[in-house]
Amino acid sequence: MEEQRTPAAPAIEEAEETNGRVREHGSALVRWLLVAAGVVCVVLGVIGIFLPLLPTTPFMLLAAACFARSSRRFHDWLLANRTFGPLILEWEKHRSIPRRTKLTAIALMSLTLAVSIVFFVEPAWLQALLAAFGVLLAVWLYRIPSREN
């Protein structure tokens, strides 16, 4: 009888390959704090899906890093996620972000900042500060290596 594979099966297999990178911290207190920080990052990342000013990708990568030092179970759960798992695996294996993800993030962030600057922020100095922040963030994100998948 042939084994039935779920859509998450390839991600789970790749997650098992990366388990060598999960090194739980020796201190229970530090592990607890890292799990809490990871959960906060996941929550902020999910909010970032609906609020483009918050970048989802860095928060999910940070959550994966926190879970890699605190909880193999949470780390595997994040890697097996249909939406975020491939992105995190790409980062863990190649230290890169898919080009499409990077360009989409920059475009949505730019659009959100432009709308905020034009319609909601009145002081000129604050508009300039937001614009400078947006440019710096876009340049930083653009400089992260990317691979064509």
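Within region 52-87, which residues are within 17 Å of Val40 (Cα to Cα) and either of a type in the set (Val, Ile, Thr) or touching a strand residue (DSSP E or B) at 6+ places or on another chain (Cβ under 6 Å) (or both)?
Thr56, Thr57 - these are the residues of region 52-87 that are within 17 Å of Val40 (Cα to Cα) and either of a type in the set (Val, Ile, Thr) or touching a strand residue (DSSP E or B) at 6+ places or on another chain (Cβ under 6 Å) (or both).
Could you count how many residues in region 28-50 are in contact (Cβ under 8 Å) with a residue 24 or more places away in the chain and either in contact with a helix residue (DSSP H, G or I) (Cβ under 8 Å, 6 or more places away or on another chain) or within 18 Å of Trp140 (Cβ to Cβ) (or both)?
8
Considering only region 62-84, state which residues are surrounded by fewer than 19 Cβ atoms within 10 Å (Cβ to Cβ) and under 20 Å from Leu108 (Cα atoms).
Thr83
Residue check: is Ala28 aliphatic (A, V, I, L, M) and either modelled with pLDDT under 75 or surrounded by 14 or more Cβ atoms within 10 Å (Cβ to Cβ) (or both)?
no
Cβ contacts < 6 Å: first residue touching a residue at least 60 places away in the same chain (Cβ under 8 Å), restricted to region 72-101; second residue surrounded by fewer than 19 Cβ atoms within 10 Å (Cβ to Cβ) and not hydroxyl-bearing (Ser, Thr, Tyr), any location; separation 6+ or different chain. Result?
Ala80/Ala8; Ala80/Ile12; Leu89/Glu14
Yes/no matrix, rows are residues, columns are (1) in a helix (DSSP H, G or I); (2) within 15 Å of the chain's Cα centre (by Cα); (3) modelled with pLDDT of 90 or more; (4) closer than 30 Å to Ser116 by Cα:
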position	(1), (2), (3), (4)
Arg5	no, no, no, no
Glu17	yes, no, no, no
Glu24	no, no, no, no
Leu34	yes, no, yes, no
Ala37	yes, yes, yes, yes
Cys41	yes, yes, yes, yes
Met60	yes, yes, yes, yes
Arg73	yes, no, yes, no
Leu79	yes, yes, yes, no
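Thr104: more than 30 Å from Ile117 (Cα to Cα), β-branched (Val, Ile, Thr) and surrounded by fewer than 17 Cβ atoms within 10 Å (Cβ to Cβ), yes or no?
Answer is no for this residue.
I'd like the residue in region 92-110 that is among the basic types (Lys, Arg) and in a helix (DSSP H, G or I) and, out of all such residues, is nearest to Val139 (Cα to Cα).
Lys102
With the structure loaded, tell me whether Ser70 is out of contact with any Phe, Trp or Tyr (no Cβ under 8 Å at 6 or more places or on another chain), of a type outside the set (Phe, Trp, Tyr) and over 22 Å from Glu148 (Cβ atoms) or whether it fails that test.
Details: out of contact with any Phe, Trp or Tyr (no Cβ under 8 Å at 6 or more places or on another chain): no; of a type outside the set (Phe, Trp, Tyr): yes; over 22 Å from Glu148 (Cβ atoms): yes.
No.
Pick out the one residue from Leu54, Leu113, Leu137, Leu87 that is in a helix (DSSP H, G or I), buried (at least 16 other Cβ atoms within 10 Å of the Cβ) and assigned by TED's automatic domain parsing to the domain that holds Gly38.
Result: Leu87 is the single residue among Leu54, Leu113, Leu137, Leu87 that is in a helix (DSSP H, G or I), buried (at least 16 other Cβ atoms within 10 Å of the Cβ) and assigned by TED's automatic domain parsing to the domain that holds Gly38.
The values are calculated or read from the model by the stated rules, or taken from the named source; none is laboratory data. Because the structure is a prediction, the values reported are computed rather than measured. Heads up, the Cβs are rebuilt from the backbone with ideal geometry, glycines too, and the neighbour counts pull from every protein chain shown.
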